[in-house]
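Shown next, in structure tokens, is the structure this report addresses.
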Amino acid sequence: MTTRRLTSVAIACAVATLVLALVALASLAFGSRQIAPDVVWEALVHGGVTQDAQVVTQLRVPRTLAALVIGGALGLAGSIMQAMTRNPLADPGVLGINSGAAFLVVTVTAATGVATRTSTLGASLIGAGVAAGLVFALSGSGGGSRSRLALAGIAVSAALASLTQAVLAANQFAFNEYRYWASGSLEGVDMASVASAGAVIAGGAVVALLITSALGILALGDDAAVSLGVRVRLVRVLGVVAVTALAGGATALGGPLTFVGLAVPLMVRRIVGARQGAIALWSIVVGAAWVCGADVVSRLVLAPSEVPVGVIVALIGAPFFILGARGKGMS
């Protein structure tokens, strides 16, 4: 990499880090109630019993952390999925995670007549894990090839989507609750939910860290990776586990926010090159900034009402994805 290229990458990474810091601060300060930065800082450092301090510590801190965790997890999950399948247009949805989470959320809601954040969180995590396990089992012994993994994912996702629609057609309460969950929302998220989903996501991040170098070698092809001592099937098994934990935890916490896991690694790869470690790291940063920024916009665009954050995530990402997909990221 030339000096000029290194300088460009360093500048881009510095900008991404700055944007992340700014959107995190904006998430704490802006919303239906505007709070000055110095008041935010005072509330974070010293707490307080004023209304502004309570808004910051009780409502906006958990919501900001949730947005950062979700975005980082989806960005990292997408980078693993694209490396594992050697397809720049792959995303965690290939494993049926969103479909599995949606099906179990709808089923539990219809069966119990109750839709709390705790029940949704648990159902999402279990549904995502079961769906990913089913995709992995159907793809063949040891995870099969990358093409069989994708085909199994498409089949399982289609089947679960059909079952979800059948449940929704039969239960109006589940349909009403599903519309809210499926659009993606961080309103009312609490620290207990962040901690529960965050523990799952942290486990996935650890597994992802362990296989990062192997995924970089896997990009050379299965035969080349085997000749270099990489246990390809084991790497795919661990990759599925990591993606399931990362994307499943993110979906459980904020709903099925599509597009982040697809577009973020694609854009990052165009900037930092083909080094898997750098792609994974900066996909976390860019993904976190993306979702947190989208959440801020979702609170402001129709204040004091909110727009579903999933809508803003897609609207913000569409032009960036198109620009990224037009170049080498597609080749």
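No value in this document is a laboratory result; all are computed from the given coordinates. Everything quoted here is computed from the prediction, not taken from an experiment. Cβ: placed from backbone, ideal geometry, glycine included. Neighbour counts: every protein chain shown.
Considering helices alone, the calculated mean residue ellipticity of the chain at 222 nm is -26000 deg cm²/dmol, with DSSP H runs of length four and up weighted by -39500 (n - 2.57) and normalised per residue.
The packing ranking, built from the mean of other Cβ atoms within 10 Å per residue, places the peptides 38-47, 71-80, 156-165, 260-269 in the order 71-80, 260-269, 156-165, 38-47, highest first. A Gaussian network model of the chain, with springs between Cα atoms under 10 Å, assigns the largest mean-square fluctuation among Gly153, Gly93, Gly273 to Gly273.
The Cα-based radius of gyration of the chain, divided by its Kirkwood radius, gives an Rg/Rh of 0.98. Take every Cα pair under 8 Å whose residues are at least 6 apart in sequence, average their separation, divide by the length of the range 55-184, and the relative contact order is 27 percent.
For the range 1-144, the square roots a ≥ b ≥ c of the C-alpha gyration tensor eigenvalues yield an a/c of 1.5 or more together with a/b not exceeding b/c, which makes the shape oblate. For the peptides 189-198, 118-127, the ranking by mean Cβ contacts within 10 Å, running from highest to lowest, is 118-127, 189-198. Note on the range 173-270: Cα convex hull, mean projected area over all directions, 8.0 nm².
Mean separation of Cα pairs under 8 Å and 6 or more residues apart, divided by the residue count, gives the range 85-141 a relative contact order of 47 percent. Multiplying the residue separation of Phe175 and Ser8 by 0.36 nm and subtracting their alpha-carbon distance yields 55.3 nm. The value of relative contact order for the chain, using C-alpha pairs under 8 Å at least six residues apart, is 30 percent. Only helices at least 27 Å long along their axis, Cα-based, and averaging 0.5 or more on Kyte-Doolittle count here, so list those DSSP H runs from the chain. Taking the DSSP H segments of the chain (at least 27 Å long, mean hydropathy at least 0.5), we get 3-29, 61-85, 117-138, 146-170, 191-218, 232-254, 276-300. Each of the peptides 222-229, 101-108, 59-66 was scored by the mean count of other Cβ atoms within 10 Å over its residues; in descending order, highest first, they stand as 101-108, 59-66, 222-229.
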